[in-house]
Amino acid sequence: MAKSDVKLIGAWPSPFVLRARIALNVKSVEYEFLQETLGSKSELLLKSNPVHKKIPVLLHHDKPICESLIIVEYIDEVWASGPSILPSDPYERAIARFWASYVDEKWFPAMKSIAVAQDDEARKAAVVQVAEGLALLEEAFQKISKGKSFFGGDHIGYLDIAFGGFLGWLRVTEGTGGIKLLNETKTPGLLKWADDFAAHPAVKDVLPDIGKLAEFSKVIVAKMRAAAAAPAK
């Protein structure tokens, strides 16, 4: 398939865009990466995703598919000849989707709140919440991986991609906050998983540089703190 048949609208720092890039790499799909200018939205983006007006958007034969996890599932179904991303077993598939939803709805918002906390008390509370979430994910990893390297077993799968999209931001949070969220004591499985995931051929070339991501995060965090501190209108 020609690269022009598959395009991805996104931006390099986005953990949600990263999910789509990894899924495409898992399936060895060539694609054109259309980088959005940060702080603005292109006409193509607004036309392709008029409902949410956000990245990522996968364009396949000029047909748009929106929302990162929906895109991952679409890629898995369309390019079925490559390695499977979702588990074949219905129960295991449901469990993977459950934890992916947990990561998006509970865990990642808590991690964001560490950076934008207005005082030490709020920051400590956020760190505790993130650590508790990682303890749950550690337990899930031990059960789901069945002693293998990834949530998907021998190969990265749906939950690896869903959670792993945030790995760069997790490392930035650890570095800027002077905290060790993944550690040998409480999350030994996830600690090794993170190294294995980052080194995977489908991941290593698209995982954002941590230094570059840390610099970008300073701008984002400043904006978020300003918005949070602004008086309600």
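Within the stretch 97-115, residues that are over 14 Å from Leu134 (Cβ atoms) and hydroxyl-bearing (Ser, Thr, Tyr) reach partners that are open to solvent by less than 30 Å² (accessible area, probe 1.4 Å) and assigned to a helix (DSSP H, G or I) with beta carbons closer than 7 Å, at six or more positions or on different chains, in the pairs Ser113/Ala126.
Among helices (runs of 4 or more DSSP H) entirely within the stretch 122-233, having at least 2 residues that are at pLDDT below 95 singles out 167-177, 210-229. For Gln118, the criteria (1) closer than 29 Å to Glu215 by Cβ; (2) in contact with a Lys or Arg (Cβ under 8 Å, 6 or more places away or on another chain); (3) open to solvent by less than 30 Å² (accessible area, probe 1.4 Å) hold in every case but one, which is (3). The residues listed here are Glu138, Glu105, Glu174, Glu132; of these, the one that is acidic (Asp, Glu), under 18 Å from the mean Cα position of the chain (by Cα) and open to solvent by 80 Å² or more (accessible area, probe 1.4 Å) is Glu105.
Here is a yes/no grid of residues against (1) on the phi > 0 side of the Ramachandran plot; (2) touching a Ser or Thr at 6+ places or on another chain (Cβ under 6 Å); (3) outside the structural domain of Ser101 (by TED's automatic domain parsing):
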{"residue": "Val116", "(1), (2), (3)": "no, no, no"}
{"residue": "Val127", "(1), (2), (3)": "no, no, no"}
{"residue": "Ile144", "(1), (2), (3)": "no, no, no"}
{"residue": "Val172", "(1), (2), (3)": "no, yes, no"}
{"residue": "Gly178", "(1), (2), (3)": "yes, no, no"}
{"residue": "Asp196", "(1), (2), (3)": "no, yes, no"}
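For the stretch 78-90, the condition holds for no residue, the condition being that it is of a type outside the set (S, T, N, Q), assigned to a strand (DSSP E or B), touching a residue at least 12 places away in the same chain (Cβ under 8 Å) and surrounded by fewer than 20 Cβ atoms within 10 Å (Cβ to Cβ). Given the criteria among the basic types (Lys, Arg), open to solvent by 60 Å² or more (accessible area, probe 1.4 Å) and without any contact (Cβ under 8 Å) to a residue 24 or more places away in the chain, does Lys186 qualify? No, not satisfied. The single condition among (1) open to solvent by less than 50 Å² (accessible area, probe 1.4 Å); (2) at pLDDT 95 or above; (3) in the same structural domain as Ile161 (by TED's automatic domain parsing) that Phe98 does not meet is (1).
The values are calculated or read from the model by the stated rules, or taken from the named source; none is laboratory data. Quick caveat: nothing in here was measured; it's all calculated off a predicted structure. Positions of Cβ are backbone-derived with ideal geometry, glycine not excepted, and every protein chain shown enters the neighbour counts. When the accessible area is computed, the model is the full protein with side chains, heavy atoms only, and any ligands, DNA or RNA have been set aside. Shrake-Rupley method; radii C 1.70, N 1.55, O 1.52, S 1.80 Å.
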